Structure formats: structure tokens, C-alpha cells
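The values are calculated or read from the model by the stated rules, or taken from the named source; none is laboratory data. Everything quoted here is computed from the prediction, not taken from an experiment. Note that each Cβ is placed from the backbone with ideal geometry, even for glycine, and that neighbours are counted across all protein chains shown. These accessible areas exclude ligands, DNA and RNA; they are computed on the full protein's heavy atoms, side chains included. Shrake-Rupley method; radii C 1.70, N 1.55, O 1.52, S 1.80 Å.
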Amino acid sequence: MYLPPCHRLTDRDALFSLIDDHPLGTWVCQGPGGLTVNHIPFLLDRRQGPHGTLLGHVARANTVWRDLHTATPCVVAFQGPQAYITPGWYPGKAEHGRVVPTWNYTAAHAHGVARVINDRDALLDLLNRLTHAHEARQATPWRVADAPAPFIDQMLRAIVGIQIPIDRLEGKLKASQDEARADRVGTVNGLRACPGEATQAMAELVQQALDTDTRP
């Protein structure tokens, strides 16, 4: 990933939080016919391995798991808040006109070698953990045990677990850090005036970057 110094996100807790808050990852690995891309909701186990471990599952009919090899690297990309930034928010537009649009975003790339989980008990434990994590915000969380046992057994036979110990974790926070301070303030105000959770989240990220920047 292209990482200018001002956009590097190296705080591990911030990267882990990004993955937790945006668990649908874009998983890219090398297959016999070229790159294979799948979109998988992952669970991050922060305690397993020096950089954490990603856990998920795919349909057994998805041939991606058959093509995995013990030494084939892969990457999972997670996208956080993002927003279009118009130069109309910049005071610099009226002052000198040397401004252009841009796009702010946050992202985390988790690199590692994927492993297959086929053991029935390990798969069931994986499903319970995924369900617990993603049902936590529900008023009445659904549990795997709520479904009939024979039905769950049938579902288990139809999936394959995926485990990716993270060897390297890269992060990017593009939040107007390379713009003039006045234009960054204009960006915060412009984003706050826009509807939508993503734009409001980006407004906070731009403001946080401003608050921690000691440059004039």
C-alpha cells in the first residue's frame, strides 16, 4: 500500500479497532488461475499471535480453500470511514485557487498465510465466536444453539473455516494531514454539515489529526 509518512497509521490498537468496527474484509490470495478475491466477515482474535489472527469461513463450494498452500501469502483489506472532500470547503479556494478535490479514507491491510479449518468442533467454536461478536448489539442476540442441532450439523458440513495469522499489519489514515491548516478546518466544518455516519466519522478523524498536529 502506498504510504506517505503523514498518512501512516501505526497505532496497533487503532488498527485493531478499525477491523473490529468494519469486519467485512476483502480477502485477496493467489490461485492457480491468478488472483482470487472474496469478501468475508472476519473475527479478529487479538490474543492469538504477535499481530493477531483473523478467523472466518467460506462456503465449501467456494474453491478458494482448495487452492491454499502452506507458503502462499494473502492479504485482507479492511475499509474504515471514507468521504469525498470538495475544495469548495477550503478558504484557499478564494485566496489563491490552487486547490483540488481529494478523497479521505482509512484502511488496514492484514498480511499472512491462510490455513483451513475442517475439524467439526473447531468450526462450531468458530461459529459461536463469530455469532457472539456480531449479535452483541442486538436487543435479543441470536445464538447458534437456538437453531435445531441437525440443522447446524448440516450447515457445518457446508462451510470451511479460514484462519489467517497476521504476519504484517499496515494502516493508512488519509485525513487531510497534508493540507493547509485553514483548509483542514474548512474540511471539518464541511463534513459536519453533511449527512451520514461515514462523513461524520471522517469529520472526527480530521479533527483528531488537527488536534495532535503541532505544525502551524
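Just so you know, the Cα atoms of the chain work out to an Rg and Dmax of 20.8, 70 Å.
Each label point was placed 7 Å from the Cα along the Cα-to-Cβ direction; for D211 and V113 their separation is 4.3 nm. Taking a span of 30 Å or more along the helix axis (Cα atoms) and a mean Kyte-Doolittle hydropathy of at least 0.5 as the rule, no DSSP H helix of the chain qualifies. Taking the chain, the Cys residues with no second Cys beta-carbon under 4.7 angstrom are C6, C194. Ranked by the mean number of other Cβ atoms within 10 Å per residue, highest first, peptides 205-211, 102-108, 138-144 order as 102-108, 205-211, 138-144.
Ordered from highest to lowest accessible area with the whole protein assembly present and a 1.4 Å probe, C194, C74 read as C194, C74. Placing a label point 7 Å from the Cα of A180 along the Cα-to-Cβ direction, the residues of the range 75-97 whose backbone N falls under 15 Å from that point are 87-97. With the helix formula -39500 (n - 2.57) applied to DSSP H stretches of n ≥ 4, the chain reaches a computed 222 nm mean residue ellipticity of -9500 deg cm²/dmol.
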